[in-house]
Amino acid sequence: MAFECPNRTEVSQNSAQFVANPGIDTIEPNQSRSKSLTEGVAIKNLFPDSKPGKGVKLKGASKINSKKGIKAPVSALSQSSIPGDVVLDCGLSITDLPPALISEILNCLDPKDLGIVSCVSTIFQRVAFEHHAWKQFYCERWGLPTTSLVVDDDKSWKEIFMEREFRSKTFMGRYSMEVLYGHTEAVRTIFLLASSKLIFTSGYDSVVRMWDMENGLSIASSRPLGCTIRAVAADRKLLVAGGTDGFIHCWRAVEGLPHLFELRASQNQNTEVRLWGHEGPITSLALDLTRIYSGSWDTTVRVWDRLSMKCILVLRHSDWVWALVPHDTSVASTSGSDVYVWDTSSGDLMTIVHNAHVGNTYALARSHAGDFLFTGGEDGAIHMYEIVNDGYECKAWHVSTWLPHSAAVYSLAFEFPWLVSASSDGKLALIDVRNLLRTNKGALGKRVSKIKHLDGDVAEPPQRMLHGFKINLFSVGIGADRIVCGGEEGVIRIWNFTEALEIERRVRTLRGIRLENRMRRRKLQTELNSKSGRTDQCSVAAKKNSVTCIWPNKRGISGKLKT
């Protein structure tokens, strides 16, 4: 049943009560349509000392703020005398919102904007400083921090994030180079375990060596494994190495051992295990918390369970597998010139990039969040892709291309924001990918691309090139303010940027001291000026009595002298 609401010219009951109060005039609704909204209601005789057209301000009392221009203290008007269209202005701000809503608002900001918000006021500084988004920012870029960073309970996630962001800038500073000798032939693979300050290397001499990152000393070396070792991977519980014989050699960590693994011990079922399943040389290895990933020239990627040490999944490709990088429930791999992305929970192919490079795609790297993919190939190019998965379809968007090398790229390593490449031309390239990232996040929970999609043909130059080798470079790693590389020369070179970190810290400290001294001098000058206005009067008088002097030029002086 439909009801019709006729247009009424009389005021409502509340409005009638409001008009009944003495000294308050109103205007009928039909007359207010032709006038401005600010002329709807006026308070004249309620406060005779107040000026017409202005609201009355009282300390400790809230104000009534209406779209029709009402401003009066709440104490002067009873709640029953307030019309329905009058809104109370209680001086609310964003900090008066529920904490959950404030958290959702701040979640829409990136680290830079969140830092700017913290500078607005002390309230925003406290809210932004304690916001949980800093932990999310850190984990998206670098994963969970090592134990050395979280021992101090007084550190907040913002402080940990800012410290790590500060450390990432040191790769553009000064460095020292260290050379490690020990291998008798070319070094094919390097793995840097930054959390334990260890470096694992191997190559044509079939020996796996473990090095101390701090002092550059060789800690231990394995017995000769009888084949060329082309891949090494490790974490704090397991070390794996794969070679041309198709076996995966595994060493379990020994509890209480400072350097984790006992490589020289005799073959023991508890500490050393060999896995066999591939029918060709193993070219790549990777670990996560529960699985071992291996790629081989037999065109397969095998997934192994770390607890039972058995193969649980086989992913078949169309050509030799050169590299692989797992993330969560997916693994990216290169086969021939193509790039594959697999779902390891079901074994299905999520997406494929055909002909990523001219020739073979040798190198592969991935961001810690898994949404950025970097490839290096035989053509000397480096491509960046973004993996976008909306739940129905997975796609790989080509973002950018770099051409820093004149020969094949054999290895890539990524630690936000630096991408490092090693090539057979004997050079290392450092590329900063921060310029490609967007500064704003997607809203309303929608999956929005996090990068600026540029023209795929545009090649950006790298931020820095490192030299030192004259021949092929096969492997590179980055972490703990260091870049480690090995190649055909048979030595391991370490670019140590800790010196740049110390220099930058001193510069930062001196800059803070200068700023503090400047603010102190400005405060003292302000206090002196407030106590005595003589300085200001003198400056004003000096400006009024300023005389402009015109100096004669040399030609005029010389002419007068001649005369």
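Remarks
- Long-range HN-HN contacts of residue 109 with modeled amide H, under 5 Å: none
- At R0 = 35 Å, FRET efficiency that the Cβ-Cβ distance of residue 390 and residue 122 yields, to 0.05: 0.30
- Qualifying GluC sites (Glu not before Pro) in segment 351-400, DSSP loop, other Cβ atoms within 10 Å at most 13: 393
- Distance between the 7 Å Cα→Cβ label points at residue 352 and residue 398: 1.8 nm.
- Computed on protein heavy atoms with a 1.4 Å probe, the accessible areas place 497, 166 in the order 166, 497, largest first.
- Paramagnetic reach from residue 176 (point 7 Å along Cα→Cβ, amide N under 14 Å) across segment 487-508: 494-503
- Annotation for segment 241-327: GluC sites (Glu not before Pro) lying in DSSP loop with at most 16 further Cβ atoms inside 10 Å of their Cβ are 255, 279.
- Using a Förster distance of 35 Å, the FRET efficiency for residue 464-residue 290 (Cβ separation, nearest 0.05): 0.40
- Separation of the residue 517 and residue 219 label points, Cα + 7 Å toward Cβ, nm: 4.5
- Distance in nm between pseudo-label sites at residue 309 and residue 524 (7 Å out along the Cβ direction from Cα): 7.3
- Look at the dipole of segment 460-536 built from charges on Cβ: of 501, 479, 524, the Cα furthest out on the positive end belongs to 524.
- Long pairs among 197/237; 158/237; 112/155, criterion Cα-Cα beyond 25 Å: 158/237
- Near residue 400, the amide H atoms lying under 5 Å from its own belong to 384; only residues 5 or more places off or on other chains count, and H is placed 1.01 Å from N.
- Separation of segment 185-259 and segment 300-365, taken as the distance between their Cα centroids, equals 23 angstrom.
- Cβ-Cβ distance of residue 136 and residue 510, R₀ of 30 Å, FRET efficiency by 1/(1 + (r/R0)^6): the value works out to about 0.35.
- Remark: segment 486-499, residue by residue, has Karplus-estimated 3J(HN,Hα) of x, x, 5, 5, x, 10, 10, 10, 10, 8, 9, 9, 5, 5 Hz, where x stands for each Gly or Pro and the curve is 6.51 cos²θ - 1.76 cosθ + 1.60 at θ = phi - 60°.
- Exposure of residue 348 as accessible area (Å², to 10), given a probe of 1.4 Å and all protein chains: 90
- Residues whose amide H falls under 5 Å from that of residue 426, counting only those 5 or more places apart or on a different chain, are 473, with hydrogens built in the peptide plane.
- Each residue of segment 393-408 is assigned a 3J(HN,Hα), and the resulting list reads 8, 10, 10, 10, 8, 6, 9, 7, 9, 10, 10, x, 10, 9, 9, 5 Hz, derived from the Karplus form 6.51 cos²θ - 1.76 cosθ + 1.60 (θ = phi - 60°), x at Gly and Pro.
The values are calculated or read from the model by the stated rules, or taken from the named source; none is laboratory data. Note that the structure is predicted; figures quoted are calculated from it, not measured. For neighbour counting, all protein chains shown are included, and Cβ atoms are generated from backbone atoms with ideal geometry for every residue, glycine included. Please note that ligands, DNA and RNA were not included when accessible areas were found on the heavy atoms of the full protein model with its side chains. Shrake-Rupley method; radii C 1.70, N 1.55, O 1.52, S 1.80 Å.
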